[in-house]
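One structure is given here, and the rest of the page talks about it.
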Amino acid sequence: MGSIGSGVAGGRGTAGDWHVAPMNSRRTPYEIQFASEVAEATRRAGITEQDIPELMRGLTLKLDGKAKEPGRDIREIYDMVNNRPLPVYLELGKSVQGGLAAELGLIFE
């Protein structure tokens, strides 16, 4: 949600805490990349400030009360040697982006 709002405002996206190990502050470099891609996809979709209240209400209703999944060890999802997400994590990110495209019309390259 933060990356969508950031994209509308012309920002580069915000990386929320995904559920990874406390090591590395619960974040991998992939979240920064993901957030940036969401912000850019929001701009490509033409979402405006006027669209944000309704869009955020819909997302809030969808997410409200949804339990957080337990965290995973960062080494299960991120290649620390080669500095890139492991295929399973990259697939998860692409799946989420596909859902955002289908639900909200975001346009990913």
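The values are calculated or read from the model by the stated rules, or taken from the named source; none is laboratory data. Keep in mind that what you see is a predicted model, and the values were worked out from it rather than measured. All Cβ positions, even for glycine, are placed from backbone atoms using ideal geometry, and neighbour counts span all protein chains on display.
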Region 23-71, residues that are basic (Lys, Arg) and without any contact (Cβ under 8 Å) to a residue 12 or more places away in the chain: Arg57, Lys62, Lys66
Looking at region 32-109, what helices (runs of 4 or more DSSP H) fall wholly within it and have at least 2 residues that are within 13 Å of Ile4 (Cβ to Cβ)? 52-63, 87-104
Could you please give the count of residues in region 7-30 that are part of a helix (DSSP H, G or I) and either at pLDDT below 85 or surrounded by fewer than 18 Cβ atoms within 10 Å (Cβ to Cβ) (or both)? 5
